[in-house]
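The values are calculated or read from the model by the stated rules, or taken from the named source; none is laboratory data. This one's a predicted model, so the numbers in the text were calculated from it and none came from an experiment. Heads up, the Cβs are rebuilt from the backbone with ideal geometry, glycines too, and the neighbour counts pull from every protein chain shown.
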Amino acid sequence: MTERYAPGRSGGIQLSGKGSNWTYGIGYFEAGGNGSDDFNNTAVTARGTVAPIQTNNMVVHLGAGYTTRDADTQADEVDTFNLELAGASGPFHAQAEYFDSEEGQVDVDGYYVQLGWIITGESRPYKAGAFKRVKPASPKGAWEVVARFEDGDGKYSDVGLATTDGEQTTLGVNYYANKNVRLGMSYMDGEEANGASGDEVRARLQYAF
């Protein structure tokens, strides 16, 4: 649900830093702007994270971000902020995020909660304010099951739920063949506040360098 309000890749400058359990970044970006996107001018973004608990077996992550962008709409400007909460303990991990975006008289907000269990016992690595991809401990690979619930108003790119209030539930399983290759399959079910609904089965093969 958050795709419409997330800044895309753009040219710009960024200042960032990190410590043993914290990170920060602030940047100014300018998109090319071909007239096909509502957000194609300039943006100022900032994000900070801290891990008050970070041991070999447990991580607690807190984060916050803010973006202000010029927009090719009647509102002229879009302001978005988000709050992050995540944690991991052994093979179990969880994360949640809340966002609020104001575009003129329109105030859009939403959240998601996601839970995961790596059945084969691996832990999800954490470094520099982000969880990294799973590295299988066995040549046979690693298996993970995930569940996610999201709710909010905005454009739903997954299941095509138009632009009204809605919610979506996702159940999935991932197979990590090695540290670079992941095969995932998920089932998504979405519903609008007006009663319209849709579902989808999706498979994805990913190779990460």
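Summary of computed values
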{"quantity": "Among the candidates 153, 107, 70, 79, residue that is without any contact (Cβ under 8 Å) to a residue 12 or more places away in the chain and in contact with a strand residue (DSSP E or B) (Cβ under 8 Å, 6 or more places away or on another chain)", "calculated": "107"}
{"quantity": "Residue, farthest from residue 181 (Cα to Cα), within the range 100-153, restricted to residues that are charged (D, E, K, R) and in contact with an Asp or Glu (Cβ under 6 Å, 6 or more places away or on another chain)", "calculated": "102"}
{"quantity": "Selected residue (only one of 164, 169 is surrounded by 13 or more Cβ atoms within 10 Å (Cβ to Cβ), modelled with pLDDT of 95 or more and either among the hydroxyl-bearing types (Ser, Thr, Tyr) or within 24 Å of residue 80 (Cα to Cα) (or both))", "calculated": "169"}
{"quantity": "Filtered residue count, the range 97-140, keeping only those that are small (Gly, Ala, Ser) and surrounded by 16 or more Cβ atoms within 10 Å (Cβ to Cβ)", "calculated": "5"}
{"quantity": "Some residue of the range 144-156 being at pLDDT 95 or above and more than 18 Å from residue 97 (Cα to Cα)", "calculated": "yes"}
{"quantity": "Count of the range 56-70 residues which are modelled with pLDDT under 95 and surrounded by 15 or more Cβ atoms within 10 Å (Cβ to Cβ)", "calculated": "4"}
{"quantity": "In the range 76-99, the residues that are closer than 15 Å to residue 143 by Cα and in contact with an Asp or Glu (Cβ under 8 Å, 6 or more places away or on another chain)", "calculated": "91"}
{"quantity": "All positions within the range 80-95 that are buried (at least 17 other Cβ atoms within 10 Å of the Cβ) and either of a type in the set (D, E, K, R) or modelled with pLDDT of 95 or more (or both)", "calculated": "82, 84, 86, 87, 88, 91, 93, 95"}
{"quantity": "Contacts under 6 angstrom Cβ, first residue in the range 83-98 being under 22 Å from residue 119 (Cβ atoms), partner surrounded by fewer than 18 Cβ atoms within 10 Å (Cβ to Cβ) and small (Gly, Ala, Ser), 6 or more apart", "calculated": "87/94; 91/121"}
